[in-house]
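Before any comments, here is the structure.
The values are calculated or read from the model by the stated rules, or taken from the named source; none is laboratory data. These numbers come from a predicted model, not from an experiment. All Cβ positions, glycine included, derive from the backbone under ideal geometry; neighbour counts span all protein chains shown.
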Amino acid sequence: MASAALSPDHNSPPAERDDRKTAHLVGEALKPFPGSRISKSFEFSREILRSPDMRQAGASADSIKVDNPDHTSFFFLDGDVHKRRRASVAPYFTPKAILTRYNPLMERTMTEMIAEFRRTGSANLDVIALELAGAVALEILGLTESDRTKTVQLLKKLMGSSNSFDKRPLYRFINDKLLGPFHKARRGFLAKKLYTDCIVPAAKARKSEPKNDVISYMVQHDYSVKAMIIETMTYSGAGVSTTREFMQVAAWQMFDHPDLKERFLAENENGQFNIIHELLRLDPVAGYLYRRTNQDLQLKSAGSLPKDQLLAVDIRASNQDPASVGENPYAIDPDRAEKTKQLPTWASFGDGPHRCPGAQVALHETRIFLNHLFRVPGLKLEKAPDIGWSMGTQGYEMRNMMVSCTRA
Ligand code: HEM
């Protein structure tokens, strides 16, 4: 018989299962804006995001001057002007556009990438994820008249030109203070190159033959050079940086949970989406979403809020709020949403007027990425990814996730 000292305490609950991959990064890296009231409750978060009496307060929204709403990224707009802009972008994200344009492109891109992987026997998943997310974002944008890989590389360079991945204080001092002017000049050079090499040829082509894409819209509405670059960067940042990182987390979870991988491969499309939603619930890409109240408000879930109160929706905590998601909130359970009778997206894509328009695109992309990858013969994880926190996107970043396979 085991001694009392060695036996477990039978009155205490079993240690809670924790399948999250990125939670450890968040504590020190994810600091809410000063003065914000934080919501960690799913119900409160949903009420904030759905309320028509709030305005966008994320990124630098408070300091953006909206003198021409048509030429401002719609992320920063609110109310009727935002509604109109959202209506104008809706055609890029319809189920028909996904099924007829983006899905075939995703399938083709993955077929090409996997053929190359099978030829060489090894691959870096962050490179494959970038190529796929980039290809889809370029199609939505309409940046299709320049070399795809070069355009994606250019966007990647522009997005990474503040180099926020490394958080070491000495590195930050050298990067931000000493080399700041150099980085600014480099960003200017890259933005100009993006405009002349990629946007101009696409705009020229769309002038004579408009399509259902962002460039055609900008040409029809006489966007300035600056506005075109801003809009292109909005879609690249919102669509590429997010989906690229999430696809890798999802793959990593499948490597670590062979039962989950087997279930994924055996499921139909809906079953596969349930798994993907659940993995995104555990490791949502975005950190906080910010709103400011337009007037004194009385909320069902949180009582009264004064006018101009800054609110920070903690997506991660809301997604893992036991009051809504049920028991073992940190454990993977693809049937969770069904059991709790909630939508499986939880707060991962936001909610209300600013809810992510690209959510369905991202889910299809991830499904096709995993579906191709995990059917490769002899697939093996050689090296788990290096994980970092991007100050720019306020989200996690995965690099150098190495895989191998049986060579074809
Ligand atoms: C896993 C992938 C993705 C995640 C986790 C994600 C998450 C989000 C979230 C949380 C928001 C809400 C922002 C807010 O309320 O302040 C948002 C907005 C947005 N997303 Fe996504 N997103 C993803 C993929 C995409 C894709 C593929 C695109 C397009 C190519 C896209 C385009 C946008 C845009 C344009 C907005 C701004 C919408 C607005 O302000 O009305 N996203 N996204």
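Among the residues of segment 209-227, those that are in a helix (DSSP H, G or I) and away from the ligand (no atom under 15 Å from the Cβ) comprise Ser216, Val219, Gln220, Val225, Lys226.
When Ala59, Ala5 are checked against the criterion of being part of a loop (DSSP other than H, G, I, E, B), among the small types (Gly, Ala, Ser) and at pLDDT below 70, Ala5 stands alone in meeting it. Does segment 138-147 include one or more residues that are touching a residue at least 24 places away in the same chain (Cβ under 8 Å), acidic (Asp, Glu) and within 13 Å of the ligand (Cβ to nearest atom)? Yes, there is a match, as at least one residue in segment 138-147 is touching a residue at least 24 places away in the same chain (Cβ under 8 Å), acidic (Asp, Glu) and within 13 Å of the ligand (Cβ to nearest atom). When segment 298-315 is examined, which residues are found to be at pLDDT 95 or above and either assigned to a loop (DSSP other than H, G, I, E, B) or buried (at least 19 other Cβ atoms within 10 Å of the Cβ) (or both)? The answer is Leu305, Pro306, Lys307, Asp308, Gln309, Leu311, Ala312, Val313, Asp314, Ile315. On the stretch given as segment 285-304, residues that are out of contact with any helix residue (DSSP H, G or I) (no Cβ under 7 Å at 6 or more places or on another chain) and either among the charged types (D, E, K, R) or without any contact (Cβ under 8 Å) to a residue 60 or more places away in the chain (or both) total 5. Applying a threshold of 8 Å to beta carbon distances and a minimum spacing of six or more residues, or different chains, the list of pairs starting in segment 50-72 at a residue that is farther than 23 Å from Pro306 by Cβ and ending at one that is at pLDDT below 75 reads Thr72/Ile64; Thr72/Val66.
The rows are residues; the columns are (1) touching a residue at least 60 places away in the same chain (Cβ under 8 Å); (2) within 14 Å of the ligand (Cβ to nearest atom); (3) crowded, with 22+ Cβ neighbours inside 10 Å.
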{"site": "Lys207", "(1), (2), (3)": "no, no, no"}
{"site": "Met247", "(1), (2), (3)": "yes, yes, yes"}
{"site": "His257", "(1), (2), (3)": "yes, no, no"}
{"site": "Phe264", "(1), (2), (3)": "yes, no, yes"}
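May I ask you to verify whether Phe273 is within 16 Å of the ligand (Cβ to nearest atom), among the aromatic types (Phe, Trp, Tyr) and crowded, with 16+ Cβ neighbours inside 10 Å? Yes: the conditions hold for Phe273. A Cβ distance below 8 Å, combined with a sequence gap of six or more or placement on separate chains, defines the contacts here; from segment 345-356, residues that are part of a loop (DSSP other than H, G, I, E, B) and of a type in the set (A, V, I, L, M) reach residues that are more than 7 Å from the ligand (Cβ to nearest atom) and modelled with pLDDT of 95 or more in the pairs Ala347/Phe42; Ala347/Ser45; Ala347/Arg46; Ala347/Val313; Ala347/Ser318; Ala347/Asn319.
Scoring Leu143 on the criteria (1) in a helix (DSSP H, G or I); (2) among the hydrophobic types (A, V, I, L, M, F, W, C); (3) over 22 Å from Asp351 (Cα atoms) leaves a single failure, condition (1).
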